[in-house]
Amino acid sequence: MKPSFGIAPYLQYDARPIVSIRCRIRLGVALSFSRLFLYKKLVSPDCPVCHVNGDTKHILMECTSHSLARNRCSVELSRLAFDVPLTFDLLCGITPPIPAHLRCRTFSALITEQCLAITGRYLLQVSNKHFL
């Protein structure tokens, strides 16, 4: 669920393939192992690497096959003006709240754009290995 009114920021900042990935994740229709199992395209809903339920959250936040890209994304986020943790919500395009002492319209837009760019690169890397 979107925490604010208006157009979701990722629709304004992200390029087409990243918007599509975020939309599929938000709608719960990204092609995870469990979704592919539901469509009868796989014999098991489990991740073939980790042997646990292969839902979208697992693929993006826990799967060891994406740990290097995920760590790179986390490091990039930590280097922003304030430490931004990598969360599933952030990958869905819901940007973190800006600390009160840093809040201004220009800064908020810049942080939003940077967060979406960093997480967008990560989503593309994951989607290139496992189409979401």
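The values are calculated or read from the model by the stated rules, or taken from the named source; none is laboratory data. Given the structure is predicted, the values throughout are model-derived calculations rather than measurements. Here the Cβ is made from the backbone with ideal geometry for all residues, glycine too, and neighbour counts use every protein chain on show.
Summary table below
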| read-out | value |
| --- | --- |
| Any helices (runs of 4 or more DSSP H) falling wholly within segment 33-132 and containing at least 2 residues that are under 24 Å from Leu11 (Cα atoms) and modelled with pLDDT under 95 | 105-129 |
| From the options Thr112, Thr87, Thr106, residue that is closer than 25 Å to Ile7 by Cβ and under 13 Å from the mean Cα position of the chain (by Cα) | Thr87 |
| Scan of segment 16-32 for residues that are part of a loop (DSSP other than H, G, I, E, B) and surrounded by 15 or more Cβ atoms within 10 Å (Cβ to Cβ), ordered by number | Ala30, Leu31, Ser32 |
| In segment 38-55, residue farthest from Cys115 (Cα to Cα) [restricted to those that are touching a residue at least 12 places away in the same chain (Cβ under 8 Å) and in contact with a Pro (Cβ under 9 Å, 6 or more places away or on another chain)] | Asn53 |
| In segment 1-15, residue modelled with the highest pLDDT [restricted to those that are under 15 Å from the mean Cα position of the chain (by Cα), of a type outside the set (Gly, Ala, Ser) and not in a helix (DSSP H, G or I)] | Asp14 |
| Options Val52, Val126: the member that is on the phi < 0 side of the Ramachandran plot, crowded, with 19+ Cβ neighbours inside 10 Å and of a type outside the set (S, T, N, Q) | Val126 |
| Pair list, Cβ under 8 Å, 6 or more apart: segment 12-23 residue closer than 16 Å to Phe88 by Cβ, other residue in a loop (DSSP other than H, G, I, E, B) | Ile21/Ala30; Ile21/Leu132; Arg22/Asp14; Arg22/Cys92; Arg22/Gly93 |
| Options Cys73, Cys63; residue that is touching a Cys at 6+ places or on another chain (Cβ under 7 Å) and not small (Gly, Ala, Ser) | Cys63 |
| Residue selected from segment 89-119 under the condition in contact with a Pro (Cβ under 9 Å, 6 or more places away or on another chain), touching a residue at least 24 places away in the same chain (Cβ under 8 Å) and not polar (S, T, N, Q), by the criterion farthest from Phe33 (Cα to Cα) | Ile111 |
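Yes/no per residue for (1) touching a helix residue (DSSP H, G or I) at 6+ places or on another chain (Cβ under 6 Å); (2) not polar (S, T, N, Q):
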site	(1), (2)
Phe5	no, yes
Ile18	yes, yes
Arg24	no, yes
Ser32	yes, no
Leu36	no, yes
Lys40	no, yes
Asp55	yes, yes
His58	no, yes
